[in-house]
1. Only counting other Cβ atoms within 10 Å, I'd like A:55, A:147, A:24 sorted with the fewest neighbours first.
2. Stick to the Cα atoms of the protein assembly as shown, pair each with every other, and give me the Kirkwood hydrodynamic radius in Å at one decimal.
3. So how do B:75, A:276 line up by other beta-carbon neighbours within 10 Å, fewest first?
4. From Cα pairs below 8 angstrom and at least 6 apart in sequence, can you work out the relative contact order of chain A, rounded to a whole percent?
5. Given axes a ≥ b ≥ c from the Cα gyration tensor, I'd like to know whether the range B:68-109 is rounded (a/c under 1.5), prolate (a/b larger than b/c) or oblate.
6. Per the helix-only calculation at 222 nm, which mean residue ellipticity applies to chain A, given -39500 (n - 2.57) for every DSSP H run of n ≥ 4 and division by its residues, nearest 500 deg cm²/dmol?
7. For peptide A:256-264, what's the mean number of Cβ atoms from other chains within 10 Å of each residue's Cβ?
8. Quick check on packing: order A:189-195, A:247-253 by the mean number of other C-beta atoms within 10 Å, highest mean leading.
């Protein structure tokens, strides 16, 4: 067992495969209303892999564009700056991490769940008037701490996975047993280090334990989205499990049953399309 | 996952036997894990066996949709109980469980 401190976590960041600079800039720019669409389009276009994947997702039925777009500038003009930013962030994140050699870690299932959470968070945000593009990106990165742990502590994380299977406990409980911290805390430390917007950092850190709050926030949203994505069985992992639901966060969403049914429908319809665009 | 009991008539090819099939004398006809084929189904019907326990093969989607509606519903409920086991163990009344169960049940023909 290894007790990880915040310093140790930050040291491990340097061993991570570096995220493309443009991805970090895109995530850091959430909340910045002065960012220029032209500058963003130029930056995305400079990374060919990200640009190609961005266009593939923009042209998928997920966005239902009336015609095929062939350049990032054109995609920006049609989708708008905010949406393009979340599409390009998704394109850069998925594929920005090399497949881990950690035994028992299912990379594909990880991203299927992250994409499912992103789609669910976006659909919930549309119905709760929260920022839907920030919600989508948050859904994608909410478990980023897990990628940090599997990349930096392959052997220890493999033991944590074996412990989780043996005890059939939640993965964050197994992580706490082996590291003294869980992936949510690790993700929060990393997100802060990468200068993500404060509300994104808070939501990553607390996505399994939303704190008491006076109003609805992104933390509540991603907590419920994470639960729904597990409940809809989107990772296709036989041994998956739904974490405990924080009923106060659920209450703050204040959605009717019909809203949830519409969210389930939207996610079911979009998940395979987006997974195909981003994971292919 | 718990195996599903299904009638021979509604068992789709590709399912895996979850339990061995024995004849009336206790002789082993087919071991657990055998993939179901049309020939096997015909042979079992000729021997008067009308129910088997099966599991869907891992990673193959859509096969459960070919089961009869009651078995599909049972499969849905078992899978959801499996996914929501932390809440079940903690005795949590989870509104999400009931919503997804209702959603999945509405999908079953």
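Read-outs: derived from the displayed coordinates by stated rules, not from any lab. Quick caveat, the model's predicted, so the values are computed rather than measured. Methodologically, a virtual Cβ is constructed for each residue, glycine included, from the backbone with ideal geometry; neighbour enumeration extends over all protein chains shown.
1. The order, fewest Cβ neighbours first, is A:24, A:55, A:147.
2. So the Kirkwood estimate lands at 22.6 Å.
3. Ranking B:75, A:276 by Cβ neighbours within 10 Å, fewest first, gives A:276, B:75.
4. Details: 401 pairs, mean separation 66.7, N = 280.
Relative contact order of chain A: 24 percent.
5. oblate
6. -20500 deg cm²/dmol
7. Values: counts 0, 5, 0, 0, 6, 5, 0, 2, 7.
Per residue, the number of nearby Cβ atoms from other chains is 3 on average.
8. Sorting A:189-195, A:247-253 by mean packing, highest first, produces A:189-195, A:247-253.
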